[in-house]
Amino acid sequence: MSGVTANKSKTLGKLDIAKKYFFDFLRGCFDGDGSMYSYFDPRYKSGYKFYLQFASVSEPFLLWLQEMVYELTGVRSKISPASRCYQLRFAKSGTRIVFDKMFYGENCRFLKRKFAKAQKIFIIDEKVRNAQVAELVDALA
């Protein structure tokens with residue numbers, strides 16, 4: 001069998017995927033080894049943070065993902081070691097851009113559970129931003 005290797009998840013690197021299909025591929029990665037998480041940062045009033053991340057035991061694979069996302073969107077990200085793997089992480093504004101590229105239309109196939117979690121995170125962020133705008137308007141009045 002061609003292309004099958006032992007420990008392929010550890011040896012995975014750059015893949016030959018047409019740029020027009022890259023975000024479909026990335027959406028599949030999100031459904032498999034991706035996640036989103038959020039929290040209120042207690043250091044800042046109304047500091048709501050959220051991140052999109054991908055995990056892999058192959059750092060070269062994540063470096064390639066990072067490079068492709070930057071090339072296609074200009075969004076920067078960070079790769080960090082985690083326990084038994086590496087994580088490619090996008091911060092708040094980058095998360096929104098990459099997420100919108102991955103979920104670009106009605107005909108996209110995806111895991112509803114992960115998509116619903118992301119939508120809840122975006123709704124909370126919108127409410128936090130609206131509250132901050134309201135505070136600014138009140139302060140200026």
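The values are calculated or read from the model by the stated rules, or taken from the named source; none is laboratory data. Owing to the predicted nature of the structure, the values given are computational and were not obtained by experimental measurement. Cβ sites come from the backbone with ideal geometry, for glycine too, and all protein chains shown count toward neighbours.
Filtered by the rule that a residue be in contact with a Leu (Cβ under 7 Å, 6 or more places away or on another chain) and polar (S, T, N, Q), region 53-96 gives Gln53, Ser56, Ser58, Gln66, Ser77, Thr95. Hey, any hits in region 50-57 for a residue that's of a type in the set (A, V, I, L, M), surrounded by fewer than 18 Cβ atoms within 10 Å (Cβ to Cβ), within 12 Å of the chain's Cα centre (by Cα) and modelled with pLDDT of 95 or more? Yes; the residues of region 50-57 include at least one that is of a type in the set (A, V, I, L, M), surrounded by fewer than 18 Cβ atoms within 10 Å (Cβ to Cβ), within 12 Å of the chain's Cα centre (by Cα) and modelled with pLDDT of 95 or more.
Taking the conditions exactly as written (surrounded by fewer than 18 Cβ atoms within 10 Å (Cβ to Cβ), closer than 29 Å to Val128 by Cβ and modelled with pLDDT of 90 or more), does Ser77 satisfy them or not? Considered against the rule, which asks whether it is surrounded by fewer than 18 Cβ atoms within 10 Å (Cβ to Cβ), closer than 29 Å to Val128 by Cβ and modelled with pLDDT of 90 or more, Ser77 comes out as no.
Listed here are the helices (runs of 4 or more DSSP H) enclosed by region 42-141 that have at least 2 residues being over 25 Å from Ala18 (Cβ atoms) and among the basic types (Lys, Arg): 112-140.
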